[in-house]
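The values are calculated or read from the model by the stated rules, or taken from the named source; none is laboratory data. Quick caveat: nothing in here was measured; it's all calculated off a predicted structure. In this analysis, Cβ positions are derived from the backbone assuming ideal geometry, glycine residues included, and neighbour counts consider all displayed protein chains.
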Amino acid sequence: MMAKKILCVPLDPVHDVGIKIIRAELDKNGFITELLSPDLSVHEIIKKAASRQYDFILVSRTLGYGVAELLASFIDQLDAAGIREKSKVVIGGKAITPQLAAELGFDKGFDEHSTIEELIAYLNGSEINFKSSGINRCKKDISADHAYKFFDKEVEKLLNQIADKLLLFVKDKTTPGVERAKIRREIIHSGSTDSRKKLVKKYIELCDAVIVKSYSDNQFPLAVRRISESEITSLKKFLSEKNPIHSRKIQHNEHQPLVFKFLGSGCPMMDIVHGKICERSGINGFLIINPSWEARYEGLLDGLLTHQNDGTITSFGNIKLIRDSLDKSTLLTVRAHRGLNTPETIVLAGEAGADLTKINLVYGALGAGTDPLRLAVDGIEAIKLAAEYKMPFDIPGNDELSGVPAWKTLAGLLINVMIGLKLNAKPVLKPLFCYGPHIVINKLMSENYIDYNAAKIAALKNIVDAPIWPGEPIAFMTQTEDRVQSANSTSYHAALAAGIGVDAITIASTDEAYSRGPISVSSRLDSIHAAADGFNFMGNSKFSTTSNFELYTEMIQQKIKDILRTAASKDNLPEAIYDGVLGSKADGAYPGKFGLNTVAKK
Amino acid sequence: MSCKITGIVGTAKNTGKTTTLTYLVELAAQKKIKTAITGIGYDGEEIDNITSLPKPRLKLLPGTITATSEACLARMNNCYELLERTEFETALGQIVIVRMTKPNLIVIAGPNSRSALAGVLNRIRNYNPGWIFIDGSLNRISPIYLADEIIFTTGGARSTDINSLVTEMKIIEKVFSYPQNNLEGAGYSYADITSVESDFIPDFTSEKIIIKHPVQLKHLKKILEKNNEVIYHSPIYLLLSGDLNGLYDFLSSGNLKLSYLYKPELKAVTVNPFYPDYNGLSYSESFINADQLLRQMKENLSTPVYNIKTDHPQF
């Protein structure tokens, strides 16, 4: 086959870098290319184009004010001179879309995100066929590459003791939360209206009055309402028209972590729209965050519901709507561990097709959380259910934000890991990349933000081979109202995560703490682009640490062992939590009180 | 059955092509004329590809034959019948010919070159429409010489200076004032030159020179000085010379023997006061004086001038 002849035209008074790079790639791939200088008039370019039989004329131009008219006129003159009968004319540049290429009369358009492979495929007449919808990627399993092998045998032994004691302790116990989870599963699978009614009646006997009212009188808590049919119709129309294509990729290489964001505006439809936009920018997954008051009530609302304040209602309908609306390759996590509905939330998430869930028996029982005994019983049931639904569960270490030292938080995470493994579940460690109170007071990050964050990860890696997913989000308490600063901070922490080698990260939007309402789409994109830029910057290299890194790693690992020894000496995990072993009142952590005295013998 | 082809050409983007076209489609429906539509490029989108401002949408009626790129039909379920696929490609895929079965808003992405437009028009004619519309794209005009008549749209988006808009349309009117030449009789010879190669102009032996490609104005002048009569491709190609003021001076300079191989009729001019105002960051909607624009344009042109939103011409 004859090599194709390509005329490269930088239709730009100055900038010809892009077309030079493209030309070099085309040369390497056997095309015969000629590059014009960037200062030629349209007449001179046409004269050149007419002088020889070119197969393609590649025009490079950044779109700006008045440029569209120039390009259209250029095409007009090529057409009138008869050149279009012998050469295809292609445009590439920033802001070029297929629609714009068509509008200007070009045969094909490539934007800044197009790859050289796509261009070469087009020039060779074997155009890459993208799916007309969908974002063309596979769903990842975060736990897949980890054997859960313990390297620190002493820690393994202590964790075994703590986990075994706890499993024995809760064996003969149940709670209204555990019982509701069973009924909820029956409700979802109930065939007839009659049996459903009977089950709902049984269910609401175990609920608080505010939840009961929603079932019996259709009365919802303040600022909650049902989503209307027309709203669902509009959403479906939007989704059918705006399915993202050609998603960007955040990761620079395949070893870099997956990137997650929160959803939880209160309105599942807004969550979905934001979700679709984030998918287009390459986000790998989302965590649904529920309203804080959901944690306080026995029982969950049912149906497609919107909430006018922070947090999206954890109902089966809402989770399923979000799951079904997101791309199949997008991972969805549902937070379960806070409050009195932990096992039931796992049932809802599992039945609705969520991929992961979130359980921490320690953090969920500290800092205005659930009574430790109640959460121990509920949490064990929840982990069993997560294993049954094949959902890995992540264990957030956000108790560090209350002022708990990292080693106590990490000890708590490890306890959850061992319980998870004993129940055949797939636990995921979620240490914080944060500037938490204990760190501030003790000046642990006064010299740099790398050593201490990296030391937490290194300590965990020295103990066990388990998936690690710094959250929640990374850069917590390092961000300000300045969106540029926030994006930078996300970028640095994402780069650090990539350099250390972790499985995933959660990133905050740049207005996460300051939006004074729902998070804006643009600030979501800020942080995604910031993370992508951090990954690109870091590539396959690493940050360098100082000697403090080794000191901190050793200190954290040693102190984790100390904490676990004390915890193992207690009768059971709830007692250790009540006694402040994993976070004391002096640290700023208080055992939770919701669900106090609700644990019963089976 | 006779079939008229009307091209709608904008002097710039956002000068009212879609609004004029929508009016024509409705007019044809009132007159019970079967219509067909295609376009050069891409039009009918909700949001402007450049200014990001909302645009008027093109609504087609049942029965309209439409030639557009396949990608534009993706969202139009159950409102058209596929008649045929063509071999012509655009940046948005293969051009297909469909018949509308329900009223619907449509995006037209038609053929992007004169040869492809000629091919598509031939296919469309097989379905016996009484009136074919060619939707122009941006200020692209070269393929539109294939039309029988042309309606130009102009307005604030081209220039906010009404005087310069009037001057431009006067030049266009002047360019269209020369007759069609059907090459009857003998003595014609083709000049094998194009604008790109004609730095050197040969001495033509014939008195009647046919020029099929656009040439630079300076060369056209030379040929007309040396020879007697020029049969130029079309008024459209003359407009492609770019230098409109020079063109006007040249055409006004004497009794030129100029005629055209393809001569669409200049049917009308429609004016639109809207313009996208750019503040350095984004565009917003603005308007020049509509009454003054219409009045001055009418005073200076012999071609009919309309504001399609307020007038109701019968064409």
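Just so you know, in the stretch B:105-129 the residues that are in contact with a Cys (Cβ under 8 Å, 6 or more places away or on another chain) and under 30 Å from A:F110 (Cα atoms) include one that is nearest to the other protein chains (Cβ to nearest Cβ), and it is B:A109. Which residues, taken from the stretch A:350-381, are closer than 21 Å to A:A589 by Cβ and in a helix (DSSP H, G or I)? Passing the criteria: A:Y363, A:G364, A:A365, A:P372, A:L373, A:R374, A:L375, A:A376, A:V377, A:D378, A:G379.
Selection of the stretch B:74-89 for residues being away from chain A (no Cβ under 12 Å) and either in a loop (DSSP other than H, G, I, E, B) or not β-branched (V, I, T) (or both) yields B:N78, B:C79, B:Y80, B:E81, B:L82, B:L83, B:E84, B:R85, B:E87. Scanning the stretch A:8-60 for residues that are away from every other protein chain (no Cβ under 14 Å), among the small types (G, A, S), in contact with a Ser or Thr (Cβ under 8 Å, 6 or more places away or on another chain) and crowded, with 21+ Cβ neighbours inside 10 Å turns up nothing.
The set of residues from the stretch A:1-39 being over 18 Å from A:G92 (Cβ atoms) and modelled with pLDDT under 85 comprises A:M1, A:M2, A:D39. When we screen B:I132, B:I144 for residues that are hydrophobic (A, V, I, L, M, F, W, C), part of a helix (DSSP H, G or I) and under 13 Å from B:I5 (Cα atoms), the only hit is B:I144. Within the stretch A:84-120, the set of residues being surrounded by fewer than 23 Cβ atoms within 10 Å (Cβ to Cβ), more than 7 Å from chain B (Cβ to nearest Cβ) and more than 21 Å from A:N29 (Cβ to Cβ) comprises A:K86, A:K94, A:A95.
Does the stretch A:324-336 include one or more residues that are farther than 26 Å from A:V178 by Cβ and assigned to a helix (DSSP H, G or I)? Scanning the stretch A:324-336, I find at least one residue that is farther than 26 Å from A:V178 by Cβ and assigned to a helix (DSSP H, G or I), so the answer is yes. Scanning the stretch A:428-449 for residues that are farther than 19 Å from A:A513 by Cα and surrounded by 23 or more Cβ atoms within 10 Å (Cβ to Cβ) returns A:V428, A:L429, A:K430, A:P431.
Within the group A:I319, A:I383, which residue is buried (at least 24 other Cβ atoms within 10 Å of the Cβ), within 29 Å of A:M270 (Cα to Cα) and at pLDDT 95 or above?
A:I319
Here is a check on your reading of the model: is B:Y306 touching a strand residue (DSSP E or B) at 6+ places or on another chain (Cβ under 8 Å) and at pLDDT below 95? The answer is no for B:Y306. Per the listing B:A91, B:A157, B:A147, the residue uniquely in contact with a Pro (Cβ under 6 Å, 6 or more places away or on another chain), closer than 30 Å to B:Q296 by Cα and among the aliphatic types (A, V, I, L, M) is B:A147.
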